[in-house]
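Worksheet: the structure to be examined is printed underneath.
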Amino acid sequence: MKEELLNDPVFGMAAGQFDRVADFLKLDERVRERCKWPKRIITVSLPVTMDDGRTEVFFGHRVQHHLSRGPVKGGLRFHPKVNVGEVAALAMWMNWKCALMGLPYGGGKGGITCDPRKLSMGEQERLTRRFAQEISPFIGPEIDVMAPDVGTTAQHMAWILDTYSTREGRFVPEVITGKPVELQGSEGRTQATGHGVAFLASRALNKLGLDVKGATAVIQGFGNVGSYAAETMESYGMKVTGISDITGAIWNGDGIDVFKLKQHVAETGGVAGFAGADKMDPDELLIQECDVLAPAALERVITKDNAAQLKCKILAEAANGPTTQEADAIIEERGDIFLLPDILCNAGGVTVSYFEWVQNLQRFSWTKTEVLTKLETKLNEAFENLLLFCDEHKCAHRLGALATGVDTVAKVKKTRGLFP
Ligand code: NAD
């Protein structure tokens, strides 16, 4: 199993980062092994009746990296490239993220190998419900709490909530986060990740002595994270000059009207063809001059081929794992880019998911202002602590963020001891 995981490029990247951090922390070999490998890897087959009457079998995975600090927490992804290695890597990153943010969770991640763009809503509902049914014995409010990720939305979470609650014979909102507000989802959850990205980008601009108002940003991906990051940045008076998604890339040096672009995407399904901007090559977009570059789509898009050409002052890693290890080394060597590492930069989502779970357990709800204010306080605390840590240990931001997360988990494992 170890070999199989390590052969996957995304897991290899997560494991490589972990090894570097474990060396830095001089982790005891036994704790190191326990921290590195996932606790549970579950794969289920999912037969679904398609609209044309055929039965198609999909595969779904859930990886629970560790349960030493609480239930696991992490998203559920629908994407054609989903595989066990990628899911395991994302689960590992979730560990360090939850620990870095001081949330009482281990890391988890799930995914179904499918192309949601080619599935009708009815097919997506049957697929989601089948997955929820098959995975039910392994999840629960104190075991594993899922949330949306690439290709899934609050609606998918509602179907999981309904399937799980029906099985339990009672309403169990705390089994899932990122659900619609009318099903006891949290105010502010939908925009939390993007809002957090924009908030941290503004804090980084402050640290660099740059004005937030008028600062420019380029965003790759205009889904949940990218669109809300753009919206919050615009509300700060920043100019979002470039945006891309799966349909293409667009550019407007005066700033793209985010509200109008959202309308265009709702009508056409993508940013391509937006009248308020020019078309641009998606690869070129990443190397345009800007204050903030926020990759908010998929992993491994900042590579050894484009890292030296980046012209941003801040790299805000809104997506999980957007920068390869080779690119990371180039960026570290350059020393002129302020990195907001993914496990901090996109932690707004899991933080408000935690708030949602807490509200559900208490059967009490907070206002959107309360939620976003608490989120900003938590993000700012983690941001300032990271800068202090990096200053003290003379290390790069990614290493500092991962080291804080890994160290927290390692200490818990050591203190709990090894059973039996
Ligand atoms: P989403 O499915 O809502 O949006 C993904 C976006 O990426 C879409 O606009 C899609 O068109 C675009 N995209 C896909 N392939 C692309 C390509 N090759 N080039 C450019 N754009 C492309 O997903 P999301 O929830 O916004 O997640 C985006 C990233 O953020 C993922 O890495 C996810 O793991 C991470 N993340 C999401 C959350 C969350 O709360 N949703 C939280 C933390 C991290």
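Would you mind finding the one in 229, 204 that is closer than 15 Å to residue 315 by Cα, under 18 Å from the mean Cα position of the chain (by Cα) and open to solvent by less than 30 Å² (accessible area, probe 1.4 Å)?
Values: 204 fails: under 18 Å from the mean Cα position of the chain (by Cα).
Only one candidate passes the filter, namely 229.
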Tally of residues being part of a helix (DSSP H, G or I) and over 16 Å from the mean Cα position of the chain (by Cα) across segment 345-391 = 30
task = Kindly indicate the residue of segment 340-370 that is polar (S, T, N, Q) and within 12 Å of the ligand (Cβ to nearest atom) and also surrounded by the fewest Cβ atoms within 10 Å (Cβ to Cβ) among those meeting that condition.
result = 351
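Give the residue, chosen from 289, 326, that is more than 22 Å from residue 96 (Cβ to Cβ), open to solvent by 20 Å² or more (accessible area, probe 1.4 Å) and in the same structural domain as residue 244 (by TED's automatic domain parsing). Quick ask: steps written out before the conclusion?
Values: 326 fails: more than 22 Å from residue 96 (Cβ to Cβ).
After applying the criteria, what remains is 289.
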inquiry  = Of everything in segment 45-70, what is more than 19 Å from the chain's Cα centre (by Cα), surrounded by 12 or more Cβ atoms within 10 Å (Cβ to Cβ) and among the β-branched types (Val, Ile, Thr)? Give them in sequence order.
reply    = 48, 49
Cβ-Cβ under 8 Å pairs, at least 6 apart or on other chains, segment 59-76 side among the aromatic types (Phe, Trp, Tyr), far side at pLDDT 95 or above and assigned to a strand (DSSP E or B) = 59/43; 59/44; 59/45; 59/46; 59/112; 59/113
request  = Go through the residues of segment 90-101 one by one and say whether even a single one is touching a residue at least 40 places away in the same chain (Cβ under 8 Å), away from the ligand (no atom under 16 Å from the Cβ) and not hydrophobic (A, V, I, L, M, F, W, C).
outcome  = no
request  = State all residues of segment 71-81 that are open to solvent by less than 10 Å² (accessible area, probe 1.4 Å) and touching a Cys at 6+ places or on another chain (Cβ under 8 Å); if no residue qualifies, say none.
outcome  = 73, 78
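Does residue 120 satisfy the criteria of being among the hydroxyl-bearing types (Ser, Thr, Tyr), over 19 Å from residue 70 (Cα atoms) and more than 15 Å from the ligand (Cβ to nearest atom)? Step through it out loud before you land on a result.
Values: among the hydroxyl-bearing types (Ser, Thr, Tyr): yes; over 19 Å from residue 70 (Cα atoms): yes; more than 15 Å from the ligand (Cβ to nearest atom): yes.
Judged against the criteria, residue 120 is a match.
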message = Quick check on my filter: what residues within segment 209-257 are of a type in the set (D, E, K, R) and closer than 28 Å to residue 147 by Cβ?
response = 231, 234, 245
request  = Select, from 229, 201, 215, the only residue that is within 22 Å of residue 367 (Cα to Cα), in contact with a strand residue (DSSP E or B) (Cβ under 9 Å, 6 or more places away or on another chain) and not hydroxyl-bearing (Ser, Thr, Tyr).
outcome  = 229
note = All conditions in (1) in contact with a Ser or Thr (Cβ under 8 Å, 6 or more places away or on another chain); (2) under 23 Å from residue 44 (Cα atoms); (3) open to solvent by 10 Å² or more (accessible area, probe 1.4 Å) are true of residue 175 except (3)
Which listed residue is under 25 Å from residue 319 (Cα atoms), open to solvent by 40 Å² or more (accessible area, probe 1.4 Å) and within 15 Å of the ligand (Cβ to nearest atom), from 181, 150 = 150
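The values are calculated or read from the model by the stated rules, or taken from the named source; none is laboratory data. From a predicted model like this one, the values you see are computed outputs, not experimental measurements. Quick reminder, even Gly has a Cβ in these numbers, built from the backbone with ideal geometry, and neighbours come from all protein chains shown. The protein model used for the area step is the full one, side chains on, heavy atoms only, and it has no ligands, DNA or RNA in it. Shrake-Rupley method; radii C 1.70, N 1.55, O 1.52, S 1.80 Å.
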